[in-house]
1. Take ILE159 and decide whether it is assigned to a helix (DSSP H, G or I) and modelled with pLDDT of 95 or more.
2. Out of all the residues in segment 72-95, is one or more over 14 Å from the mean Cα position of the chain (by Cα), without any contact (Cβ under 8 Å) to a residue 12 or more places away in the chain and away from the ligand (no atom under 16 Å from the Cβ)?
3. Does segment 1-26 hold any residues that are modelled with pLDDT under 95 and of a type in the set (Val, Ile, Thr), and which are they?
4. Quick one: which of THR107, THR124 is hydroxyl-bearing (Ser, Thr, Tyr), within 30 Å of ILE23 (Cα to Cα), away from the ligand (no atom under 16 Å from the Cβ) and in the same structural domain as THR151 (by TED's automatic domain parsing)?
5. Only one of these is basic (Lys, Arg) and touching a strand residue (DSSP E or B) at 6+ places or on another chain (Cβ under 9 Å): ARG83, ARG58. Name it.
6. Evaluate the following for THR117: is it touching a Gly at 6+ places or on another chain (Cβ under 6 Å), over 30 Å from ALA19 (Cα atoms) and more than 16 Å from the ligand (Cβ to nearest atom)?
7. Out of the residues in segment 139-157 that are farther than 13 Å from ILE88 by Cα and free of Cβ contacts under 8 Å to residues at least 40 places away in the same chain, state the one that is surrounded by the fewest Cβ atoms within 10 Å (Cβ to Cβ).
8. Quick one: what pairs do we get from segment 119-138, first residue farther than 21 Å from ILE152 by Cβ, second near the ligand (Cβ under 7 Å from one of its atoms), C-beta under 7 Å, 6+ apart or different chains?
Amino acid sequence: MSAAEEQNLEEEEVDLTGAHQVIDKYIDMKGALMPVLQGIQDFYGFVPEACVHLVAERLNVYSSQIYGVLTFYAQFHLKPRGRFIFRICMGTACHVKGAGRICDTITDRLGVGHAETTEDLLFTLEEVACLGACGMAPVVMVNNDTYGSATIQKIDEIIEKYRGQAAEQ
Ligand code: FES
């Protein structure tokens, strides 16, 4: 099956019940588009293409307008994201302290690059600007957990920790 066919299949398989519920909640509100998109993202973890078409139809706006909003605001994601979001600080202090090597290590271990998600949907990798903890450089965050003075060994331990968490549930 080609990647395009797989993607079409994924789109067809999206259960739109959650999206309908979100739209029902905001449909009578002025400026409903943003809360609807946010609600859909909260529900699915991203904004599936099928939902874009549904929102366009129910809110009577063009899909292109919705994509304009989704691509303008960094908070929205058009692809599924991992359960654990690895944020690697690439700010100056972290860069000087070897963030590049840390980033290469994570890429090597997980097999994904910036803004990509592992096939098992466990991890998403994001390179970000200063995380505001420069004194602990190089800094990595996984969801809401912050790890300072990151080393290659620590990165391996961190990845194992979250793999272990996932396996337990
Ligand atoms: S530069 Fe990395 S936390 Fe500030």
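1. Details: assigned to a helix (DSSP H, G or I): yes; modelled with pLDDT of 95 or more: yes.
Against the criterion (assigned to a helix (DSSP H, G or I) and modelled with pLDDT of 95 or more), ILE159 qualifies.
2. yes
3. Of everything in segment 1-26, just one residue is modelled with pLDDT under 95 and of a type in the set (Val, Ile, Thr), namely VAL14.
4. Working: THR107 fails: within 30 Å of ILE23 (Cα to Cα).
Answer to the check: THR124.
5. Working: ARG58 fails: touching a strand residue (DSSP E or B) at 6+ places or on another chain (Cβ under 9 Å).
Going through ARG83, ARG58 in turn, the sole match is ARG83.
6. No, not satisfied.
7. Among those residues, the one meeting the criterion is GLN153.
8. Pairs found: ALA129/GLY91; CYS130/CYS89; CYS130/GLY91.
The values are calculated or read from the model by the stated rules, or taken from the named source; none is laboratory data. Remember, it's a predicted structure, so these values are computed and weren't measured experimentally. Note that we place each Cβ from the backbone using ideal geometry, even for glycine, and neighbour counts take in every protein chain shown.
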